[in-house]
Amino acid sequence: MKLYSGPLCLFSHACRFVLHEKEIECEIILTTNGRTDEALAELNPYGETPTLVDRDLVLYEGMVVTEYIDERYPHPPLMPSDPTTRAQARVMMSRLRRDWLDAVQACVTTGTRPDKKLSKSLWDGLLAMSNHFSQQKYALGDDISLVDSYLAVLLWRLPLLQLNLPRQAAKILEYGNHMFDRPAFQASLSEAEREIRAA
């Protein structure tokens, strides 16, 4: 199994986190040179990361990749077992992507700060979400899920966005630190991602 991964791509980071959480052996290929990018372009019509190669199967689109990994290697499970909660998890991941993840990734890729609309959306949304974590350990309750993989990689990138949350967001910041301390999260970090919080 191979994962073509962008060194600062948050969707790639979520995939790497899931692979390490499940302790799956996978060759991580960082797309940092022309030869790697050329190989990726042959596999994926969009030339984007993450792209997963598992024997004859080629998958792209981050959330497709993480769900495939979870189903292909079901232990420990990172999606709920019942259809209702599983659907709720998919809605949460979809909202994270539509509201924040795509826009944040665009900022990271271009090296620009988020505009006022995105900054306000992140500020208000994460502040509102903070109360959620005063009542439960993870996004869906007491068990870690794929939702947490996307939320954690977003929170890791807050310094890049120059977004300082107020003390009222203490619970979500505590949750973030708890996620960052997981061995799988630490193992999932590229050198470029480590530098985000090196200071």
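Just so you know, all these numbers are worked out from the coordinates, no wet-lab data involved. Worth saying up front: this structure is predicted, and the values here are computed from it rather than measured. Backbone-built Cβ (ideal geometry, glycine too); neighbour counts: all protein chains shown.
Just check region 16-83 against the gyration tensor rule for me: Cα atoms, a ≥ b ≥ c as the square roots of the eigenvalues, rounded for a/c under 1.5, and otherwise prolate or oblate depending on whether a/b exceeds b/c. Cα axes put region 16-83 in the prolate bin. The residues neighbouring Arg97, those whose beta-carbon lies less than 11 Å from its own, together hold a net charge of 0 under the Lys/Arg +1, Asp/Glu -1 convention.
Short-range pairs are left out: with C-alpha atoms under 8 Å and at least six residues apart, the relative contact order of the chain is 25 percent.
As a proxy for reagent exposure, ranking Glu67, Glu25 by other Cβ atoms within 10 Å from fewest up yields Glu25, Glu67.
Across region 156-171, coupling constants 3J(HN,Hα) worked out from phi with the 6.51/-1.76/1.60 Karplus curve, θ = phi - 60°, read 4, 8, 4, x, 4, 7, 6, 10, 9, 6, x, 5, 5, 9, 4, 5 Hz, and Gly and Pro carry x.
Dipole check for the chain: with +1 at the C-beta of Lys and Arg, -1 at the C-beta of Asp and Glu, and the Cα centre as origin, the magnitude is about 840 Debye. Inter-label distance, Ile196 to Leu127: 2.2 nm, where each label sits 7 Å from its Cα along the C-beta direction.
Applied to region 140-146, the Karplus parametrisation 6.51 cos²θ - 1.76 cosθ + 1.60 on θ = phi - 60° returns per-residue 3J(HN,Hα) values of 9, x, 8, 10, 5, 9, 4 Hz, with x for Gly and Pro. Starting from the Kirkwood Rh over alpha-carbon pairs, what translational D in µm² s⁻¹ does the chain have by Stokes-Einstein at 37 °C and 0.692 mPa s? So the translational diffusion coefficient is about 190 µm²/s. Computed from phi, the 3J(HN,Hα) profile of region 118-132 under the Karplus parametrisation 6.51, -1.76, 1.60 (θ = phi - 60°) reads 5, 4, 5, 4, 5, 4, 5, x, 5, 5, 5, 6, 4, 4, 3 Hz, with x in place of Gly and Pro.
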